[in-house]
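Chemist: Structure in structure tokens, see below.
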Amino acid sequence: LLVGHELMREDIPPLFGEEFNPGNWQSGHVVLNSKNIQILLVTINKQGKVESHQYKDDFIDELHFYWQSQNSTSVESKRGQQIINHVKNKSRVYLFVRQHKLRGKKASPFVFHGEVQYKSHEGERPMNVIWELI
């Protein structure tokens with residue numbers, strides 16, 4: 001798994017010893033509890049999405065990524081705690097990003113940006129998280 005490598009969504013689970021299941025892998029935050037791994041699958045341009053699902057995600061600079069959780073994620077929720085405490089819990093987080101959902105008439109691949117580490121957050125429902133690439 002090399003930084004900068006392009007992968008289709010269905011090609012990502014096998015990298016972590018998992019099978020692709022659209023139900024599990026359609027969300028932007030996949031947690032593999034048995035492997036202590038979290039995967040962020042982010043589409044930057046949300047054009048065409050319902051406004052309540054147009055999360056604001058983008059690179060702040062080459063080392064930091066601004067990411068919004070799902071609207072249901074609170075700081076105290078299981079998902080919120082998985083994000084905030086991933087280092088303490090020895091959970092690794094991997095970032096995959098694509099600019100647009102489609103490339104031509106087909107799904108766009110995600111680009112692997114490497115491992116990230118939680119730095120801070122503001123608010124909740126959604127949580128506004130700053131990740132640092134490591």
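Chemist: Using just the helices of the chain, give the 222 nm mean residue ellipticity in deg cm²/dmol: DSSP H runs with n ≥ 4 each add -39,500 (n - 2.57), and the total is spread over all residues, rounded to 500.
Modeler: Calculated at 222 nm, the ellipticity per residue is -1500 deg cm²/dmol.
Chemist: If Rh is defined by the Kirkwood formula over all Cα pairs and Rg also comes from Cα, what ratio Rg/Rh do you get for segment 43-121?
Modeler: Numbers: Rg = 13.9 Å, Rh = 14.1 Å.
Ratio of gyration radius to Kirkwood radius for segment 43-121: 0.99.
Chemist: Dipole of the chain (Lys/Arg Cβ +1, Asp/Glu Cβ -1, origin at the Cα centre): which of Val42, Phe20, Leu95 lies farthest to the positive side?
Modeler: Phe20
Chemist: Under 17 Å between alpha carbons, and skipping anything fewer than 8 positions from Lys56 in its own chain: which aspartates and glutamates qualify?
Modeler: Glu122, Glu124, Glu132
Chemist: Could you tally the net charge around His121, taking each other residue with its Cβ under 13 Å from the Cβ of His121, Lys/Arg +1 and Asp/Glu -1? All intermediate terms of the calculation are to be shown ahead of the outcome.
Modeler: Numbers: positive: Arg79, Lys119, Arg125; negative: Glu76, Glu122, Glu124, Glu132.
Result for the neighbourhood of His121: -1.
Chemist: While we're here: Please compute the Cα-Cα pair-distance distribution of the chain with 10 Å bins starting at 0, giving whole percents from short to long.
Modeler: 12, 45, 38, 5, 0
Chemist: Sticking with this structure for a sec: How far apart, in nm, are two points set 7 Å out from the Cα along the Cα-to-Cβ line at Lys119 and at Leu15?
Modeler: Distance between label points: 2.2 nm.
Chemist: Moving on. Show which lysines lie in cross-link reach of Lys35 when reach means a straight Cα distance below 24 angstrom and same-chain residues fewer than eight apart are skipped.
Modeler: Lys78, Lys88, Lys90, Lys119
Chemist: What is the set of long-range amide H partners of Phe110 at a cut-off below 5 Å, with H atoms built 1.01 Å from backbone N?
Modeler: Amide H to amide H, under 5 Å and 5 or more residues apart or across chains, Phe110 pairs with Leu7, Met8, Arg9.
Chemist: Could you order peptides 32-38, 112-118 by the average number of other Cβ atoms within 10 Å of their residues, highest first?
Modeler: Highest mean packing first, the order is 112-118, 32-38.
Chemist: Still on this model: Sequence neighbours fewer than 8 away in the same chain don't count; with that in mind, list the lysines whose C-alpha is under 22 Å from Lys105.
Modeler: The qualifying lysines are Lys46, Lys49.
Chemist: Ok, one more. Relative contact order for the chain using alpha-carbon pairs under 8 Å, separation at least 6, rounded to a whole percent?
Modeler: 29
Chemist: Contour minus end-to-end for Glu132 and Ala107, with contour as 0.36 nm per residue of separation and end-to-end as the Cα-Cα distance?
Modeler: So the extension gain works out to 6.3 nm.
We did not get these values from a lab; they are worked out from the coordinates using the rules stated. What you are looking at is a predicted structure, and each value in this text was computed from that prediction instead of being measured. Reconstructed Cβ throughout: ideal geometry from the backbone, glycine too, with neighbour counts over all protein chains shown.
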